[in-house]
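This report refers to the structure that appears directly beneath it.
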Amino acid sequence: MKFSKKLMVGLAACAFSVAAFAQQPIVIKFSHVVAADTPKGKAAEYFAKKADELTKGKVKVEVYANSTLYKDKEEMEALQLGAVQMLAPSLAKFGPLGVKEFEVFDLPYIFDNYDDLHKVTTGDVGKQLLAKLEPKGIRGLAYWDNGFKSFSANTPIKAPADLKGKKLRIQSSKVLEEQVRALGALPQVMAFSEVYQALQTGVVDGTENPISNLYTQKMHEVQKHLTITDHGYLGYAVIVNKKFWDGLPADVRKQLDDAMEQATRYANQIAKIENDNSLEAVKKSGKTAVYVPTKDERAAFKKALVPVHQKMEGRIGKEVIESVYKATGFNPAKL
């Protein structure tokens, strides 16, 4: 009888500990490499808030901004190993992972505006690309905008020839390397967190960024000239460790999907606003001269850079590039 009572007490204690454990929130570590006050940084915090609300506290999203947890080159491996559950890397990061089709987003002047871009990221082409990450142990959840990139340097940029011989920092992307070479410049692959110091010390002469990244990383303080070329798109794919995601309860996954949908709408709404505000802040700083190319000058940049599309067909896949052309209505033959 005493044994039975002890057993009952033990089982009750065990049940209590299991119940207590079950009440612990599911923690999602969300790592990214840009500042908290950028469009991506704000969207990550927004997602964390919505995840908490919609799951009623069952999920806690911990956001680690500005490379505080992992740097550019480390974060993808950390996700695949399960050391972190969620990332929002720039789309250029998937080429080195072996999914070269994503480098279609790096092609210069393949998108003229946000409307054309969203025909791809919210359509079938975007979904098909995300599906290609699954064999890598990665689940793609959404695309988040940052903005269109512009060139900066310490000398004026009014024509492609003005960048000839310049050392330009880029992300790790064969397409971006080819883009820089098409300008007669020298591509320098470098982690985002190292760019400010490299510009400050002259290790590189210039770079390309959406204006919100340029401003929040204070690169405008070490770049005398910025030209609004809007030559390339910088966006992100929000991704999760597939094994972790598939292991979540179905109801929690649905709630997180809803939170991500809301965060994506928010991210894409604020991206252009943030870049416009950052551009005004750069102008007001007086540290960087901002130049807007004429129609003919923009056409000259386009003429110099669009041939990169054809050069990259063997790497990205001609059919992928043409699927984007079809979705947007872009015709390189009309340049």
Exercise for review: Please work out the FRET efficiency for the pair residue 194 and residue 326, using the Cβ-Cβ distance as r and a Förster radius of 51 Å; give the result to the nearest 0.05.
Suggested key: 0.85
**Study point:** When each of 149/174; 93/311; 93/132; 166/334; 167/295 is checked by Cα-Cα distance, pairs over 22 Å
**Key:** 166/334; 167/295
Check your understanding: Taking the Cα centre of region 268-335 as the origin and placing charges on Cβ (Lys, Arg +1; Asp, Glu -1), which of 285, 305, 271 is farthest toward the positive end of the dipole?
Key -> 305
Check your understanding: Which of the lysines could a cross-linker span from residue 60 if the Cα-Cα distance has to be under 26 Å and same-chain partners fewer than 8 positions apart are dropped?
Key -> 29, 40, 42, 49, 50, 71, 73, 136, 242, 243, 254
Check your understanding: Leaving out same-chain residues fewer than 8 places away, which aspartates and glutamates sit with a Cα under 12 Å from that of residue 158?
Key -> 296, 297
Practice item. Can you bin region 202-297 into rounded, prolate or oblate? Criterion: square roots of the alpha carbon gyration tensor eigenvalues sorted a ≥ b ≥ c, rounded for a/c under 1.5, prolate for a/b above b/c, oblate for the rest. Key: prolate
**Study point:** Dipole of region 38-168, positive direction: furthest Cα of 143, 125, 64, with charges on the beta-carbon
**Key:** 64
Revision key, fill the gap. Taking the chain and counting helices only, DSSP H stretches of n ≥ 4 at -39,500 (n - 2.57) each over all residues, the nearest-500 ellipticity at 222 nm comes to -14500 deg cm²/dmol
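What is the chain's relative contact order, in percent, from Cα pairs under 8 angstrom and six or more apart in sequence?
The value is 25 percent.
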Check your understanding: For the Cα atoms of the chain, what angle does the longest principal axis make with the long axis of helix 295-305, in degrees from 0 to 90, nearest 10?
Key -> 70
Revision key, fill the gap. In degrees, nearest 10, the alpha-carbon axis of helix 318-328 is tilted away from the dominant principal axis of the alpha carbons of the chain by 90
Review point. Got a sec? Charge dipole of the chain, +1 on Cβ for Lys and Arg, -1 for Asp and Glu; which of 335, 155, 321 is way out at the positive end?
Key: 321
Review point. Can you work out the FRET efficiency for the pair residue 292 and residue 36, with r the C-beta to C-beta distance and R0 = 45 Å, to the nearest 0.05?
Key: 0.95
Practice item. Specify whether the C-alpha gyration tensor of region 24-328 places it in the rounded, prolate or oblate class, a ≥ b ≥ c being the square roots of the eigenvalues: rounded for a/c under 1.5, otherwise prolate if a/b is larger than b/c and oblate if not. Key: prolate
Revision key, fill the gap. Where a ≥ b ≥ c are root eigenvalues of the Cα gyration tensor, a/c under 1.5 meaning rounded, otherwise prolate if a/b exceeds b/c and oblate otherwise, region 258-335 counts as oblate
Exercise for review: Would you mind checking region 77-112 for residues with the amide N under 12 Å from a putative spin-label position 7 Å along Cα→C-beta of residue 300?
Suggested key: none
Review point. Angle between the Cα long axis of helix 39-54 and the longest principal axis of the chain, 0 to 90 degrees, nearest 10?
Key: 20
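Bear in mind that the values in this text are calculations on the coordinates, not laboratory data. Predicted, not measured: the structure shown is a model, and the values here were computed from it. We place every Cβ from the backbone using ideal geometry, glycine too, and count neighbours over all the protein chains shown.
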